[in-house]
Amino acid sequence: MYKILSADKLAANIYRMVVDAPMVAKHCQPGQFIIAKVDEVGERIPLTICDYDREKGTITIVFQPIGNSTRRMAELSTGDAFEDFVGPLGRPSDLIDTPIDELKKRSIVFIAGGVGTAPVYPQVKWLHEHGVTADVIIGAKNKDLVILEDEFKSVCNLYITTDDGSYQRKGMVTVCLQDLIEKEGKHYDWCVAIGPMIMMKFVCKMTKGYNIHTVVSMNPIMVDGTGMCGACRVMVGGEVKFACVDGPEFDGHLVDFDQAMQRNKMYQTEEGRAILKAQEGDTHHGGCGMCGGDK
Amino acid sequence: MEVDMLKKVPVREQDPMVRARNFDEVCLGYNQEEAMAESTRCLNCKKPKCVEGCPVHINIPAFIQGVKNGDFRHAYDVISESSSLPAVCGRVCPQETQCEERCIRGIKGEAVSIGKLERFTADWAKENGIKPAPAKEKNGHKIAVIGAGPSGLTCAGDLAKLGYDVTIFEALHKAGGVLAYGIPEFRLPKDKVVEKEVENVKSLGVKIETNVVIGKSVTVDELLGEEGFEAVFIGSGAGLPRFMNIPGETALGVFSANEYLTRNNLMKAYRDDYYTPIHRGKKVVVVGGGNVAMDAARTALRLGAEVHIVYRRSEEELPARREEVHHAKEEGIIFDLLTNPVEVIADEKTGWVKAIRCIRMELGEPDASGRRRPVEIPGSEFNMDCDTVIMSLGTSPNPLISSTTVGLDVNKRKCIIASEENGQTTKDGVFAGGDAVTGAATVILAMGAGKAAAKGIDQFIKSKYAG
């Protein structure tokens, strides 16, 4: 069992948990992920690592309940435990293997969207610890959904933008990036974008125009996370890659996002049905247009 | 009970039409009377050919004599000398190409039903709470085993019997490897058989740590270094599923057999009380002709689909166990042989597979494997409608361990290089066996490799302290 040492809410629907997992904490690097399973009947859920403490042996995860299984995770609180918690999985970020001198010469911008803000943090923190300061753009729907602001402030140059302008800048992350480059004299040669698939797609479209090398972190459907099942395959530069062993980070300019978005919907029907069944019991008989009702 | 010496005592099975709708075990096995009757067919040969055909060299005539005499305990003890997983092997070994193929009875009639007798003996021992005996004395040497599948469990069990302090590291949340994630419940019950076999290995003193991915959570070099293990056995299994690399293959509804079976077997998606989803297709095409393809097809059938197996060679070349093909047919699986997919066609709007385009094949000259090479018949392409495609084309080795272990060499096919005789790899103190070395093969071959490596490790440790 993997004990939850603390659990809190970062925003309305975003949860943070610190989990006791010494073996993972000892070996994990920025860019990697874990798989958690609540109990015997639960799903294996891949989640990015938001922070780690090697001495205390803890891993911090941040997640947003979207399906039945993440909803069950959100119900756990301090003192509860995950039955299974395995990692670190995937390859560490390329930045980790780059000589520090070279990193210092680069001008790096991170673009974080929504709950994708969490996995950006360990990378930025790692750079900061190695004397490299990056720019970070955090994008959120509104003020209430901006997470980890204080944590970021101390390790980077932070720019926050909200879709509705309720906090700091207004507009999508792409608008912010464009403004920084076009109006505020910034120049970047390396970009790491992590967030919703649609955000990464448009960031890549823009950075391609600016000729900025862009890395994205893919979060496809997964089962085992060790290369065994092939559920997580993504098309990168016309080749099939497994996100769990070849990724999760890939060259964003080579990723087929449209297909990746489509693939992530694969279980929407099954998942949707399960949620509706749980929420509405026998009262759900179709009509939502999503689940096919009780077909 | 009357016995026809030319024929096996028939084994009871669930009715095909009934079992096609449930996940209960297909084969019900022999009862005591049937087993004792079948055992009278064994000629107790002086030079038993069957033993030569067994990858772990079970003393087959001796255990069958035990069954014949009603001394099942003795029968079990004989099997246990050579095999740690008899209840598994009695169910999933390809006996027809191993022990039973060599059986003298088979020359004129049917071979003795060795597999079913093994299963009976192992099940009898389980029902009577008989467990293998742990070592009397521990020798204090720490050995790490990577992977709790057939080769790892066997290697760990054998080493524990010799007194070693063995820890198995398993990447998944459950022990068993392919026995847990791959082979379905209806062929190999999980609670009744797999977990009991794992318990038996544990009762020998073996520790099993789940959720540890070697190469990620900890490396082989760390196991040999700061973690204090004196030798490591790598039995990490087959690896990454292969796809065909045909157009449309990333369409929604195209799965690897590994994914499909893992969802169903390990994650128990077929049960309402488990949360992992599985796509229940209406018309499913399984591509491939091995045991895994049969398992995927029969699983899809039980989930309610019409199922077709598409295989590019003819029935004779199907690599699956004969019993599996026979069972699949009885249950209503449709075999489209001499047929090969060329493209997956997806619905433009939804991205879901709606058909698979195939081409007819004919058999030409024998290829390197000795089987006649399938050749395309020009212009014979046609579409098969379907909403699910399951690719069962074998696997390629997982690089997680080989790429993170200094001095561990792999061959051209990226399989770990290891001696067949004792499992020794190119790295001192590191042994390997099973699918990680051979590429996808059978449970029993992996067990054989685990056994050989246990001997190799024992010799390695002994020679280390001899000087």
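What follows is calculated from the coordinates using simple rules that are stated; it is not laboratory data. Note that this is a predicted model, so its numbers are computed, not measured. Heads up, the Cβs are rebuilt from the backbone with ideal geometry, glycines too, and the neighbour counts pull from every protein chain shown.
Return one quarter of the surface area of the convex hull spanned by the alpha-carbon atoms of region B:405-455, equal to its mean projected area, in nm².
Details: hull surface 13.3 nm².
Orientation-averaged projected area of the Cα hull: 3.3 nm².
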(Q) Considering only C-alpha atoms, what is the centroid distance from region A:191-240 to region A:1-43, in Å? (A) 23
Q: Using the Karplus curve 6.51 cos²θ - 1.76 cosθ + 1.60 with θ = phi - 60°, work out ³J(HN,Hα) for each residue of region A:17-31 in order, rounded to whole Hz, and write x for Gly and Pro.
A: 9, 9, 10, 7, 8, x, 5, 5, 5, 5, 10, 6, 10, x, x
Q. Restricting to region B:247-379, what percent of DSSP beta bridges are antiparallel, rounded to 5?
A. 55
Q.
Given the options A:95, A:113, B:182, identify the residue whose Cα lies farthest towards the positive end of the charge dipole of the protein assembly as shown (+1 on Cβ of Lys, Arg; -1 on Cβ of Asp, Glu).
A. B:182
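So which of B:47/B:68; B:138/B:192; A:56/A:141; B:207/B:427; A:125/B:207 end up more than 28 Å apart, counting from Cα to Cα?
Working: B:47/B:68 19 Å; B:138/B:192 30 Å; A:56/A:141 34 Å; B:207/B:427 24 Å; A:125/B:207 38 Å.
With Cα atoms farther than 28 Å apart: B:138/B:192; A:56/A:141; A:125/B:207.
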Q. At what distance in nm do the modelled label points of residue A:96 and residue A:80 sit from each other, each positioned 7 Å from its Cα along Cα→Cβ?
A. 2.9
Q) Which length gain, in nm to one decimal place, applies between residue B:3 and residue B:315 when the Cα-Cα distance is subtracted from 0.36 nm times their residue separation? A) 109.2 nm
Q) In whole percent, what relative contact order does chain A give with Cα contacts below 8 Å and a gap of six or more residues? A) 15
(Q) Counting only helical runs of four or more DSSP H residues, what would the 222 nm mean residue ellipticity of the protein assembly as shown come to if each run contributes -39,500 (n - 2.57) and the total is spread over all its residues? (A) -8500 deg cm²/dmol
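Per residue of A:86-99, how many C-beta atoms from partner chains lie within 10 Å of its own C-beta, taken as a mean?
Working: counts 10, 5, 3, 5, 1, 1, 0, 0, 0, 0, 0, 0, 0, 0.
That average works out to 2.
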Q. So in chain B, what percent of DSSP beta bridges are antiparallel if you round to the nearest 5?
A. 40
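Relative contact order of region B:262-403: what whole-number percent is it, with Cα pairs under 8 angstrom and at least 6 residues apart?
Details: 270 pairs, mean separation 32.9, N = 142.
With pairs under 8 Å counted, the relative contact order is 23 percent.
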Q. Between residue A:66 and residue B:421, what is the label-to-label distance in nm when each label sits 7 Å out along the Cα-to-Cβ direction?
A. 5.5
Q) In terms of modelled amide H atoms, which long-range or inter-chain residues lie less than 5 Å from the amide H of residue A:113? A) A:139, A:194, A:195
Q: May I ask you to evaluate 6.51 cos²θ - 1.76 cosθ + 1.60, the Karplus curve with θ = phi - 60°, for each residue of region B:127-134 and list the ³J(HN,Hα) values in order in whole Hz, giving x for glycine and proline?
A: 4, 9, x, 8, 10, x, 7, x
Q) Taking 0.36 nm per intervening residue step and subtracting the Cα-Cα distance, what contour gain separates residue A:26 from residue A:13 on full extension? A) 1.7 nm
Q. What FRET efficiency comes out for the pair residue A:39/residue B:127, r = Cβ-Cβ distance, R0 = 25 Å, nearest 0.05?
A. 0.25
Q.
Under the rule of at least 5 residues apart or a separate chain, name every residue whose amide H is placed under 5 Å from the amide H of residue B:373.
A. B:364, B:365, B:367
Q. Just for the protein assembly as shown, what percent of DSSP beta bridges are antiparallel, to the closest 5?
A. 50
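Would you please name the trypsin sites (Lys or Arg not before Pro) within region A:116-212 that are DSSP coil residues with at most 13 other C-beta atoms within 10 Å of their C-beta? It would help to have the intermediate numbers written out before the result.
Working: sites: A:125, A:141, A:143, A:153, A:169, A:170, A:183, A:186, A:201, A:205, A:208; in loops: A:141, A:183, A:186.
Those satisfying the criteria are A:183.
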Q) Separation between the residue B:282 and residue B:107 pseudo-spin-labels, each 7 Å from Cα along Cα→Cβ, expressed in nm? A) 5.7
Q | Number of partner chain Cβ atoms within 10 Å, mean per residue of A:32-40 | A | 2
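Just add up the charged neighbours of residue A:241: K/R +1, D/E -1, any other residue whose Cβ is under 12 Å from the Cβ of residue A:241.
Details: positive: A:91, A:233; negative: A:239, A:246, A:249, A:251, A:256.
It works out to a net charge of -3.
Contour minus end-to-end for residue B:385 and residue B:222, with contour as 0.36 nm per residue of separation and end-to-end as the Cα-Cα distance?
Numbers: separation 163, 0.36 × 163 = 58.68 nm, distance 5.16 nm.
That pair, residue B:385 and residue B:222, stretches by 53.5 nm at full extension.
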Q. Given H placed 1.01 Å from N in the peptide plane, which residues other than close sequence neighbours of residue A:215 have an amide H under 5 Å from its amide H?
A. A:191, A:192, A:193, A:252
Q | Check: region A:85-153 dipole with +1 on Lys, Arg Cβ and -1 on Asp, Glu Cβ, in debye | A | 140
Q | Distance between region B:230-272 and region A:69-107 - C-alpha centres, whole angstrom | A | 24
Q.
Give me the inter-chain shielding for A:217-229: mean count of other chain Cβ atoms within 10 Å, whole number please.
A. 6
(Q) Based on alpha-carbon centroids, what's the gap between region B:1-50 and region B:77-137 in Å, whole number please? (A) 12
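Which whole-number percentage describes the relative contact order of chain B, with Cα contacts under 8 Å and a sequence gap of 6 or more? List each step's numbers first, then the result.
Numbers: 1027 pairs, mean separation 71.6, N = 467.
About 15 percent, as a whole number.
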Q) Whole-Hz Karplus ³J(HN,Hα) for region B:155-172, in order, using 6.51 cos²θ - 1.76 cosθ + 1.60 and θ = phi - 60°, x for Gly and Pro? A) 4, 4, x, 5, 5, 5, 4, 7, x, 6, 9, 10, 10, 9, 9, 10, 6, 7
